[in-house]
Structures are given as structure tokens and as C-alpha cells.
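Have a look at the structure below, then the notes.
The values are calculated or read from the model by the stated rules, or taken from the named source; none is laboratory data. Treat the numbers as computed from the prediction; the structure is a model and nothing was measured. Here the Cβ is made from the backbone with ideal geometry for all residues, glycine too, and neighbour counts use every protein chain on show. What goes into the accessible areas is simple: the full protein's heavy atoms, side chains included, and nothing from ligands, DNA or RNA. Shrake-Rupley method; radii C 1.70, N 1.55, O 1.52, S 1.80 Å.
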There are 2 protein chains.
Amino acid sequence: MSTVGKAVSLLELFTLAEPEIGLSELARNAGLDKATTRRLLVALINGRLVEQEPRSRRYRLGAGLSRLARIRDAHFPFVRVAAPVARALALETGETVHVSEFSAGALLTVDVALSAKANRVNVDVGQVLPLHGTASGIAFLSACDGAAADAYLGGPLDKFTPHTVASREGVMEAVRAAAAHGYSRSAQGYEEGVHSVAAPIFGADGRAIGTLAVASPVSRIDDAVAVRQGEAAVRAAREISAGLGGEVARLGTGSERANFILSGN
Amino acid sequence: MSTVGKAVSLLELFTLAEPEIGLSELARNAGLDKATTRRLLVALINGRLVEQEPRSRRYRLGAGLSRLARIRDAHFPFVRVAAPVARALALETGETVHVSEFSAGALLTVDVALSAKANRVNVDVGQVLPLHGTASGIAFLSACDGAAADAYLGGPLDKFTPHTVASREGVMEAVRAAAAHGYSRSAQGYEEGVHSVAAPIFGADGRAIGTLAVASPVSRIDDAVAVRQGEAAVRAAREISAGLGGEVARLGTGSERANFILSGN
DNA sequence: GTCCTAGGTTCATTATTCGAACCTCTGTTT
DNA sequence: AAACAGAGGTTCGAATAATGAACCTAGGAC
């Protein structure tokens with residue numbers, strides 16, 4: 001692994017649950033030597049991607065990240081456009097809504113609007129979702145570049161729960177269904193007790209760049225509710241796509257597209 | 001320079017003005033070889049800190065930055081707390097307000113609320129401000145850790161305009177005045193025609209972690225206006241400090257503190 | 001066609017990274 | 001108070017990863 005890769009892996013150790021970490025723990029969790037970890041941290045601190053709390057000497061994510069994220073957001077306002085739509089949809093459906101952006105083979109959760117209910121699904125900003133096993137992933141696969149989808153399906157597909165669809169054929173079937181309906185549906189494929197529907201968010205070239213998902217406790221879901229949520233998710237995702245300059249119209253019907261995508265090899 | 005430092009320097013080439021850059025230009029601007037640049041970019045892409053636009057093959061900041069910034073923000077909600085206060089102050093004063101956070105020896109502009117006027121000061125999110133020569137920098141020095149201030153003043157002090165106060169004594173004088181008033185004032189020290197007042201934002205330990213500044217065209221400023229802006233900036237900065245759990249009360253009077261800070265060596 | 005510049009890759013050379021062992025400090029146990 | 005444990009941090013010879021000149025291909029411009 002490259003030195004830069006190691007440095008980035010240090011950044012990824014900081015989570016909502018553990019936003020400040022000491023040197024030894026960082027080294028342990030990253031599988032690196034303490035001296036190496038320290039050298040990388042110093043480089044990251046100089047780049048302002050990490051800060052060190054002077055009192056506790058623990059490390060945390062740095063202000064440079066806020067700065068870079070703002071620069072990115074000004075150019076490519078994914079979160080800014082998606083957040084209000086997600087809030088509105090969470091209010092409308094009464095369920096947790098989360099928005100993910102595709103990057104390097106996975107979906108990154110970049111915004112979450114929690115349900116107001118006590119019994120709700122909790123999703124954390126920062127969570128990384130696989131492309132199979134989640135409604136978001138299937139929705140993404142149903143509308144992304146075909147070659148990328150094939151490449152992903154060629155790799156190993158982990159099983160996260162007993163319900164995870166982990167076969168290439170099963171995933172393709174789900175993708176076809178998602179392409180036909182415009183939204184995907186997944187029950188307990190990634191976490192027990194969670195039901196999700198998701199719709200793709202489109203970029204300017206008509207391909208998916210992310211997803212919007214509605215996640216509910218399975219106990220509240222029947223087919224009628226799922227269909228209503230799915231259609232609402234599609235509407236919300238379209239609104240975000242439009243806000244980003246994404247084109248949706250030119251896609252044609254879902255099933256055409258599904259056949260196109262999954263025809264290769 | 002470390003490999004990681006080089007990778008970070010690549011990130012810093014992306015700005016509001018130029019958010020997508022090609023390989024050759026990145027290499028040129030970073031002063032690196034094309035092969036090296038490419039290798040670093042691949043590592044950054046794998047870490048999702050950079051993305052490559054498939055059509056143009058140009059590079060831009062990646063979704064991982066949004067994700068990491070959100071994790072940081074949840075733990076340390078500087079921007080989230082400061083942004084609405086800055087907007088309110090921009091409305092109240094009719095001038096551009098910008099909020100900066102200290103990191104690695106400089107102030108990073110992390111939020112800007114522009115004046116509604118046609119003739120206004122424009123500040124970009126992402127701009128890096130020195131600690132001398134700007135009202136923000138002086139305000140920060142007046143309330144930060146004394147050792148850090150001394151270390152900074154020990155280094156070279158660039159002159160940005162003919163008006164820049166670039167002598168150690170001059171800066172210390174300005175810092176003392178800022179500590180006495182609670183806010184700093186600077187006319188054309190960083191950019192011609194720009195007048196600023198700034199107040200420090202405090203962290204939980206009573207030391208400055210950032211600043212809030214009001215920037216106006218010099219033509220609109222006289223002493224009375226500057227004082228009004230300064231007092232408003234102090235109020236706004238206090239509000240942000242309080243929102244962050246920062247303590248302000250225990251500081252004592254400004255001049256006591258100034259003497260304390262600048263007494264060393 | 002020829003020239004220019006772009007993105008991207010190769011591989012012998014070279015400089016940087018690595019990590020076991022070490023130091024220091026703080027808080028806890030005996 | 002002595003011994004211990006685990007924290008943060010540093011050192012320096014050995015090992016590995018980074019480097020960059022030269023190269024390839026592709027797309028304009030003329």
C-alpha cells in the first residue's frame with residue numbers, strides 16, 4: 001500500500017462514534033507502526049487535514065477538511081442540494097432518509113435526515129455502503145455505467161445477514177427489477193430488521209452518481225407502503241438530479257435500460 | 001517534503017476559481033513530475049479524496065471530503081454554529097462577514113456571508129489568511145496561546161500592501177490594542193481598499209480557535225462605523241463561542257490578557 | 001502530413017519510509 | 001516508594017517505496 005493510502009486510511013479511522021483518537025490506538029487500528037503513524041499524522045497536521053488537541057494530545061479531523069469540502073461543494077453541490085430534499089422526504093414519509101454519493105466502488109453516506117419516530121432506523125453520516133445488499137447499492141447499479149457495474153459484480157459479494165442476496169444472478173435480478181420500477185427495494189439485506197427503498201440520483205451525463213434511500217423498521221412496511229415510499233424516493237431523487245443539472249428524461253424506460261446495462265459478457 | 005505532504009499539496013491546488021484540473025497542470029503547479037503526480041492522484045482517488053471526471057479526464061475534489069467534513073462537523077460544529085451568526089451579522093452591518101478557523105499557523109476561511117451591496121468586499125471560502133496583516137490574524141493573536149503567538153512573530157512577516165504592518169513591534173502594538181478593545185481593526189493591510197474589524201472566537205479552554213471578521217470598502221468606513229462594527233463582531237463572536245461551549249467570561253479584561261500574552265521572552 | 005500538448009506508463013536509480021528498540025511521562029498497583 | 005503498565009514520542013540502520021527521464025498514444029491546430 002502506498003504511503004498516501006496509509007495516510008488516508010488513518011483519516012478513515014475517525015468516525016462519529018470516535019472522533020478523537022490517541023496515537024497508540026490509531027497505530028493499532030490502522031495496523032501500522034507507532035513511528036510510522038506519527039510521521040503520517042505530522043504530515044496530515046501540516047496539511048491541516050488532522051489536528052491535535054493540545055491538552056489530551058489526541059488527534060481529530062482538521063479544519064482543512066471543512067475548507068476543502070466547501071470548495072468541492074461550491075463546484076459540485078451534492079450535499080447542499082440533497083439535504084433539504086431529504087429533510088422534506090423524511091417529514092413526508094415519517095422515516096429516516098439518507099443520501100449517498102458514489103466514489104471508488106462504494107456509496108458514501110453524505111447526508112441523513114432522521115425520522116421523528118422513536119422506533120426508527122439510525123444511519124450515520126460517513127457510513128460506507130456496498131453496492132449489493134443495500135437498496136441504495138441496487139438502485140445505483142440499475143442506473144450507473146454498465147462497465148462499472150459488471151466490474152463490481154465480478155468481484156466477491158459478501159453476505160452481511162442471512163437475507164443478503166450475494167449471488168451475481170440474484171443481484172442482477174434485483175437490479176433489473178429496480179431499473180423497471182425506477183427504485184429498488186431491499187429487506188434486511190444489510191442489517192436485520194431494516195427495510196429500504198432507494199432511487200438513483202443522476203448526473204449531467206444521465207448516469208447515476210448517487211442514491212437517495214428511505215429506511216424503515218420492517219414492522220412498519222407492507223407492499224403498499226413500500227410502493228408509496230419508492231415512488232416518493234424517485235420523485236425526491238429526480239428533484240435532486242434536476243438541482244444538479246442531471247438529466248433524467250433521456251433515459252427511456254427502465255427495463256430498456258436494464259437490458260442495456262446487463263447485456264454485456 | 002514527505003510523500004503525504006505532496007499529496008496534500010495537490011489537494012490544495014483545487015480552488016473555487018479552478019475546481020477541476022488536468023494532470024499536466026497539476027504536475028506543473030505542484031512542481032512535481034507527471035508520473036509522481038499521477039501516482040499520488042491514484043492514491044487519493046482510492047481514498048476518495050479526489051475524483052476523476054471520466055469524460056474530460058480532469059480531476060476534482062472527491063466525495064470522501066464531504067464525508068470527513070461531516071464527521072468533523074458533528075464533533076466540532078464550527079461551521080454549523082458560525083454560519084447563521086455570520087449571516088445575521090452580514091444583514092445587520094450590510095457588509096461581508098467571514099469566519100476563519102486556526103490551523104497549522106494560519107487562518108482558514110471556512111464560511112463567508114456576503115454583503116448585499118453592489119460595492120462589497122468579496123472573500124472566498126478556502127482563502128488562507130496570515131496572522132499578521134489581517135484584522136482576523138491580529139484578533140486571533142490577541143487571544144491565542146502566548147507561545148504560539150511568539151513562535152509566529154519569530155518568523156518572517158511578509159508585506160502584502162504598502163500599508164501592511166510587518167514589524168514585530170508594530171504587530172504587537174496592534175495585538176495589544178485588539179486585546180484591550182476585544183476586537184482588532186485593520187485598514188488595507190492585506191488588500192488595498194479593504195477595511196476589516198475582527199473578534200476572536202473562543203474554544204472551551206478560553207483560548208482563541210478562530211475569528212469572525214467584518215470586511216468593508218474603506219470608502220464606507222469612519223471611526224464611528226468601525227467601532228459599531230467592532231462591537232457587533234464581538235457580540236457575534238461571543239455567540240459562536242457560546243454555541244461551541246467556549247468560555248468567554250473567565251478571560252478578565254483585555255489589557256490584562258494582552259500583557260500576559262506578550263510578556264514572554 | 002507535422003507539430004504541439006494532453007493523459008498515461010515503464011523501470012533502473014535513488015531517496016524515503018519503515019520499525020525494533022528506546023526514552024519520558026503519568027497514573028495505578030503492590 | 002518502588003515497580004509496573006501503557007501512553008506519547010524519537011532514533012537510525014535496513015528495507016522498501018518513490019522518483020523521473022524516456023516513452024507511448026491520442027486528439028487538435030495548421
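Quick notes on this structure:
- On the stretch given as segment B:36-64, residues that are touching a residue at least 24 places away in the same chain (Cβ under 8 Å), at the interface with chain A (Cβ under 8 Å from one of its Cβ atoms) and of a type in the set (A, V, I, L, M, F, W, C) total 5.
- Residue identified as in a loop (DSSP other than H, G, I, E, B) and under 30 Å from B:ARG238 (Cβ atoms) among B:LEU16, B:LEU68: B:LEU16
- Against the test of being basic (Lys, Arg) and surrounded by fewer than 22 Cβ atoms within 10 Å (Cβ to Cβ), the options A:ARG60, A:ARG72, A:ARG48 yield a single qualifying residue, A:ARG60.
- A:LEU89 satisfies every condition listed in (1) within 16 Å of DNA strand D (Cβ to nearest atom); (2) within 26 Å of the chain's Cα centre (by Cα) except (1).
- Those residues of segment A:1-35 which are among the polar types (S, T, N, Q) and within 11 Å of chain B (Cβ to nearest Cβ), in sequence order: A:SER2, A:THR3, A:SER9, A:THR15
- Scanning segment A:163-188 for residues that are touching a residue at least 24 places away in the same chain (Cβ under 8 Å), part of a loop (DSSP other than H, G, I, E, B) and farther than 26 Å from A:VAL79 by Cα yields a total of 5.
- Looking across segment B:71-90, not a single residue is in contact with a helix residue (DSSP H, G or I) (Cβ under 7 Å, 6 or more places away or on another chain) and either farther than 16 Å from B:ASP111 by Cα or not in a helix (DSSP H, G or I) (or both).
To keep it simple, each residue is scored yes or no on (1) in the same structural domain as A:GLY243 (by TED's automatic domain parsing); (2) hydrophobic (A, V, I, L, M, F, W, C); (3) closer than 25 Å to A:THR15 by Cβ; (4) at pLDDT below 90.
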residue	(1), (2), (3), (4)
A:ALA90	yes, yes, yes, no
A:ALA106	yes, yes, yes, no
A:ASP111	yes, no, yes, no
A:ASN122	yes, no, yes, no
A:GLY133	yes, no, yes, no
A:ALA143	yes, yes, no, no
A:ASP158	yes, no, yes, no
A:VAL165	yes, yes, no, no
A:GLY170	yes, no, no, no
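- Within segment B:1-38, the set of residues being within 12 Å of DNA strand C (Cβ to nearest atom) and charged (D, E, K, R) comprises B:LYS6, B:GLU20, B:GLU25, B:ARG28, B:ASP33, B:LYS34, B:ARG38.
- Of residues in segment B:230-260 being farther than 18 Å from B:ASP111 by Cα and among the acidic types (Asp, Glu), the one modelled with the highest pLDDT: B:GLU231
- Across segment B:1-28, the number of residues qualifying as open to solvent by 50 Å² or more (accessible area, probe 1.4 Å) and within 14 Å of DNA strand D (Cβ to nearest atom) comes to 6.
- Once segment B:96-111 is narrowed to residues that are over 8 Å from the mean Cα position of the chain (by Cα) and without any contact (Cβ under 8 Å) to a residue 60 or more places away in the chain, the residue that is surrounded by the fewest Cβ atoms within 10 Å (Cβ to Cβ) is B:GLY105.
- A:ASP124 vs. criteria open to solvent by less than 50 Å² (accessible area, probe 1.4 Å), within 28 Å of A:GLN188 (Cβ to Cβ) and outside any strand (DSSP E or B): no
- Residue list for segment B:67-109, restricted to those being facing chain A (nearest Cβ under 8 Å), small (Gly, Ala, Ser) and under 22 Å from B:ALA149 (Cβ atoms): B:SER103, B:ALA104
- Meets criteria (in contact with a helix residue (DSSP H, G or I) (Cβ under 6 Å, 6 or more places away or on another chain) and closer than 30 Å to A:LEU114 by Cα) for A:LEU129: yes
- When the test is whether a residue is farther than 28 Å from B:ILE221 by Cβ and without any contact (Cβ under 8 Å) to a residue 60 or more places away in the chain, B:LEU114 does not pass it.
- From A:ARG39, A:ARG48, residue being under 22 Å from B:LEU10 (Cβ atoms), more than 8 Å from DNA strand D (Cβ to nearest atom) and either assigned to a loop (DSSP other than H, G, I, E, B) or of a type outside the set (Val, Ile, Thr) (or both): A:ARG48
- Checking each residue in segment B:131-147 for being farther than 17 Å from B:ALA198 by Cβ and either of a type in the set (Val, Ile, Thr) or part of a helix (DSSP H, G or I) (or both) picks out B:GLY146, B:ALA147.
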